[in-house]
Amino acid sequence: MLLPINWLKDYIKINLSPEKLAELLMFKSFEVEEVNGDVLDLSITPDRNDCFSILGLAREVSALTGNMVKFPKIDVEESKKFASSEVKVEIQNSELCPQYLAAVIKNVKVGESPAWLKEKLESMGVRSINNVVDITNFVLFEMGQPLHAFDTDKLSGKKLVIRNAKKGEKILALDEQTYNLEKDMLVIVDDKKPVAIAGIMGGAETLVNRRTKNIILESAIFNPKSVRLTSKKLGLRSESSTRFERGFDPTLTEQAINRAAALVQELCGGEVLKGNVAPLKIKSEKKTIKLELDYLNKLLGVEIKPQEVKKILVSLGFEVSSSWDVAIPSWRQNMNCVADLIEEVARVYGYEKLPDKFLNGELVPLEEDKKLKWEGKIKNLMQVVGFDEVYNYSFYGEKQMKPMGLEETKHLEVENPINPDQRFMRTTLLPRLLGVASRNARKFDEVKIFEVGKVYNPEELRLAGVIVSKSDDVGLYREISGIVSYVLDKMNLSEKKSSWILKLNLLNPKEKEEWKIKDSVAYFEIDLEKIISNAKESKKFESLPLYPSVSRDLSIVVPQDVLWKDVDEIVQKFGGEFLKDIEFFDLYKGKGIEGDKKSFAFHLEFSSSERTLESNEVDEVMGEIARALEKKLKANLRI
Amino acid sequence: MKTNLNKIKKDVLELVNQAKDLKSLEKIETQFLGRKDGEITKILRGLKKLTVKQKKEIGPLANALKKEIKEMLKEKKNNLVGKRTDRGFDYTLPPKKPEVGHLHPITQFTKKVTDVFVSMGFEIVDGPEVETEEYNFDLLNIPAEHPSRDMWDTYYIKKSRNEALPRLLRTHTSSVQLRAMEKRKPPVRLIVPGRVFRHEAVDAGHETNFYQCEGLVIDENVSMANLISTLRVFVKKIFGEKAKIRVRPSYFPFVEPGIEVDMSCLICDSKGCSACKQTGWLEMLGAGMVHPKVLENMKVDSKKYTGFAFGLGIDRFMMLYYGINDIRLSYNGDLRFIKQF
């Protein structure tokens, strides 16, 4: 909302510079976005519909400065003829339209507005149309009550009906657009068709232009939710709808219509018929809220003197009884509870005056969230093994899904994506991670990245990692599986399921092409939910060996189809009680080895916690291992 | 004798300056400090022939010079070794950077934030990112078709056939307040760091997903003064004693009174710069006293208990902390960015 200070000065004395006024409003009322010369750009919060007009702002400034507001004098000279004899109004849905006033003015001279009026509208960023339309806009900005003017002679029949639109009804609105109306939208209709979308915009066919002679002014109250819903559905917002959707001051309709009628009479001449047509009288009982001073002091953490509380409330237009029943002024319909009143007191009193008081209270032992704790630890583990952490978007689109063969139906779909890459909520961290790996691989020789984040449908926490490296596939696969094992080992899982490792693989040449990566790529993804629930802090300690260990290297040639796993199992089984460690160090194929064979080399470590082992004891075990390997895997010892 | 010492000093200085390798240094050492014929050695040895008065004068001078020459030689030796031409390879090659991983600055900064609050007795809580309208809006006193809903641009999830209620991507971590209070009773002090979503066009200052930290305190005598003090302590712990805050009235449907907290601009020392739009202050967070309706929605007796809540943008704080000017850097995965932290 723009506030031209010159206009404000029509109603209240301002002895502050624009900057000082802005500062005052900023610390007591609402944010000032910008001070632009004489005009303040205010960001009025949704609870302050009363400040959506120059007079409303004058009232606010009056509370803050103590200067009085001078309300404009409204003098209408009415003719003897009753307005109700010319026009009838029927409200069919009083829930959505609790009040509708119509003023009838005949023989007006529609023409150019005087300079002062044009300037006022211009300062609000609105262009002048003609004197009648300008007056309705002027009163909207001045008082905050949206008005509308119909050309009486363009209406079919002499009756306005306020009702819900019928299926199939349309309206060509003032913005020259045709809108299809729906049953839950409130419209004003003449004998034939809708002539206005209630509270949002009038129809183009009944607009007031230079040929207009007779007009009907409308000043009404429309249900805020209904106006908002209709405006959203039609994609049509206006100065009028923004005001209606925030609430209303029930006393304003009549003041505003009279103000507009008086101005029409003054600027356009014409005969104002007697009385406004008003089919319903709105009851405006004053709401009261009981203010407990103890509660106020408790909530704010400061003791404010009762006289001061009262003074602040009165300055804002509240009436305060001796028993602290506070009557709410008509323009503050959004005040609902005692906290609302306390806010009024607090902001005017000044937050800067609150004392510095730190929390005090019972010290409750903190519950540690296991998931959050391990999430942090896992990130640290990944960092320790040399991975960089990245954060990706939670959504992706076809572009990221296609290379992974992900099916759309397994995803939560975003209803209103801004671009195609936001269509689906991710069910895996890998597509975005591989994308990032690909982009970075152009800048770095080696990329090691990970992400810890949520996937959706169902929503659960995942860890995924990618390595892009110049090393060969076998080495890379060993590296990435080593990292997965390291992380899992550090979590001391009470149970391990291979299904928790969702992915652990290398990209094949075709996939690498799709991701545009030349080097070897390894990736993994782990389901953290289940793993974390099984994680434990380690409390293990193994005493250091008292006696020296004996080590032996072994190199065997086995058929191609033998896996290291098979070798490892046999060595474990036949290694005896003193075998402490098996360390693989080489896999070899090629020169010196037959074509259908390969060679494994590994290192064995033996020790006892009670004595130094004799060399021949170890040799004996080595013999057994060799024999078992030979028998079960057709292994030959290489020397 | 004294002039002799001065000359020696000058000679040594010259020779040392000219020396190009350790060998020449050894030669200088022998020439002046050699046990047999070193020039200084000879002077010191000749002291006993002098008078007591001369001894007292020359002795200390000669000893001081001896010490000085030793220092000079040592210094020069270090210099020569520093060049390390004598070790067979170039020791001045640039050091190799150790290969280490890097945690994302949001991770690091979130830890900083949570550490401060944990030290003040706050518990860290987590909640779902795909939320219902009920938790994200309704229970927070943001009813459907209320203009305050415009304060949050929202991503919605397409309804599946058997779903009755619309789901959305949470627009704030405030939704977790209500979920947390289903399992807790006052007194509570909790914070909720986490990812949130806004249906907005992306630019240097706005992202579609970013991080927020919500705070909630409920107890019998929690006040606005407590809220402001807590936030003041927080800002000082993160940004140092110099950081000041100021409070302005504001509006968020789930708090009443609601406030906006600005922090003194640390980029320009509050003198006014482009970051603070020449005001010297930066908008940092929204806060307020928990609305009685929201307390009731949490099944907390709003007559007995009061509470405060605040929500701060982790990205914004983090960017200010490191001097980062584009929020998008956090989410595009460029390792040239990540590796700096």
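The values are calculated or read from the model by the stated rules, or taken from the named source; none is laboratory data. Because the structure is a prediction, the values reported are computed rather than measured. Don't worry about glycine lacking a Cβ; one is built from the backbone with ideal geometry, like all the others, and counts go over all protein chains shown.
Against the criterion of being within 14 Å of another protein chain (Cβ to nearest Cβ) and either free of Cβ contacts under 8 Å to residues at least 60 places away in the same chain or over 34 Å from the mean Cα position of the chain (by Cα) (or both), A:LEU181 does not qualify. Here the condition is being buried (at least 23 other Cβ atoms within 10 Å of the Cβ) and within 14 Å of chain A (Cβ to nearest Cβ); of B:PHE308, B:PHE317, it holds for B:PHE308 alone.
Hey, could you check the range B:282-305 for residues that are within 13 Å of chain A (Cβ to nearest Cβ) and in a strand (DSSP E or B) and say which is modelled with the lowest pLDDT? It comes out as B:GLU283.
If the condition is being in contact with a strand residue (DSSP E or B) (Cβ under 8 Å, 6 or more places away or on another chain) and not in a loop (DSSP other than H, G, I, E, B), then the range A:1-22 contributes A:LEU2, A:LEU3, A:PRO4, A:ILE5, A:ILE12, A:PRO18, A:GLU19, A:LEU21, A:ALA22. Of the strands (runs of 3 or more DSSP E) lying entirely inside the range A:190-299, those containing at least 1 residues that are touching a residue at least 60 places away in the same chain (Cβ under 8 Å) and closer than 17 Å to A:THR136 by Cα are A:215-221, A:271-274.
Residues that are hydrophobic (A, V, I, L, M, F, W, C), within 7 Å of another protein chain (Cβ to nearest Cβ) and surrounded by 14 or more Cβ atoms within 10 Å (Cβ to Cβ) were ranked within the range A:365-382; the one that is nearest to B:THR114 (Cα to Cα) is A:LEU372. Here the range A:428-461 is the region considered, the condition is being touching a Pro at 6+ places or on another chain (Cβ under 9 Å) and more than 9 Å from chain B (Cβ to nearest Cβ), and the residue that is surrounded by the most Cβ atoms within 10 Å (Cβ to Cβ) is A:LEU434.
Listed conditions (1) over 41 Å from the mean Cα position of the chain (by Cα); (2) in a loop (DSSP other than H, G, I, E, B); (3) buried (at least 20 other Cβ atoms within 10 Å of the Cβ) are all met by A:ILE105, apart from (2).
Does any residue in the range B:200-222 that is more than 9 Å from chain A (Cβ to nearest Cβ) and within 10 Å of B:PRO187 (Cβ to Cβ) come within less than 7 Å, Cβ to Cβ, of a residue that is of a type in the set (A, V, I, L, M) and buried (at least 20 other Cβ atoms within 10 Å of the Cβ) six or more places away or on a different chain, and which pairs are these? Every condition considered, the pairs that remain are B:ILE218/B:VAL188; B:ILE218/B:VAL290; B:ILE218/B:VAL300.
Among the residues making up the range A:185-198, none is modelled with pLDDT under 95 and touching a helix residue (DSSP H, G or I) at 6+ places or on another chain (Cβ under 7 Å).
For (1) crowded, with 17+ Cβ neighbours inside 10 Å; (2) hydrophobic (A, V, I, L, M, F, W, C); (3) at negative phi; (4) at the interface with another protein chain (Cβ under 10 Å from one of its Cβ atoms), each residue gets a yes or a no:
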residue: A:MET401; (1), (2), (3), (4): yes, yes, yes, no
residue: A:GLU415; (1), (2), (3), (4): no, no, yes, yes
residue: A:ASN419; (1), (2), (3), (4): no, no, yes, yes
residue: A:GLN422; (1), (2), (3), (4): yes, no, yes, yes
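Condition test on B:VAL188, is it of a type in the set (Val, Ile, Thr) and within 22 Å of A:VAL302 (Cβ to Cβ)? Answer is no for this residue. In the range B:92-110, of all residues being surrounded by fewer than 16 Cβ atoms within 10 Å (Cβ to Cβ) and either touching a residue at least 24 places away in the same chain (Cβ under 8 Å) or of a type in the set (Val, Ile, Thr) (or both), the one that is nearest to B:CYS213 (Cα to Cα) corresponds to B:VAL100.
All of A:LYS536, A:LYS512, A:LYS565, A:LYS530 fail the test of being without any contact (Cβ under 8 Å) to a residue 40 or more places away in the chain and loosely packed, with under 12 Cβ neighbours inside 10 Å, apart from A:LYS565. Has the range A:154-164 got at least one residue that is part of a loop (DSSP other than H, G, I, E, B), among the basic types (Lys, Arg) and either modelled with pLDDT under 95 or farther than 23 Å from A:PRO194 by Cα (or both)? Looking through the range A:154-164, at least one residue is part of a loop (DSSP other than H, G, I, E, B), among the basic types (Lys, Arg) and either modelled with pLDDT under 95 or farther than 23 Å from A:PRO194 by Cα (or both). With respect to the conditions (1) out of contact with any helix residue (DSSP H, G or I) (no Cβ under 7 Å at 6 or more places or on another chain); (2) under 28 Å from B:LEU80 (Cα atoms); (3) not hydroxyl-bearing (Ser, Thr, Tyr), B:GLU57 falls short on a single one, namely (2). All told, A:GLU343 meets the bar of being without any contact (Cβ under 8 Å) to a residue 12 or more places away in the chain, surrounded by 18 or more Cβ atoms within 10 Å (Cβ to Cβ) and within 13 Å of another protein chain (Cβ to nearest Cβ). Here A:ASN392 clears all of (1) surrounded by 15 or more Cβ atoms within 10 Å (Cβ to Cβ); (2) among the polar types (S, T, N, Q); (3) outside any helix (DSSP H, G or I); (4) more than 7 Å from every other protein chain (Cβ to nearest Cβ) except the condition numbered (4).
From the list A:GLY350, A:GLY397, the lone residue that is more than 7 Å from chain B (Cβ to nearest Cβ) and either closer than 30 Å to A:GLY66 by Cβ or touching a Leu at 6+ places or on another chain (Cβ under 8 Å) (or both) is A:GLY350. Filtered by the rule that a residue be facing chain A (nearest Cβ under 7 Å) and either among the β-branched types (Val, Ile, Thr) or in contact with a Ser or Thr (Cβ under 6 Å, 6 or more places away or on another chain) (or both), the range B:90-117 gives B:VAL100, B:ILE106, B:THR107.
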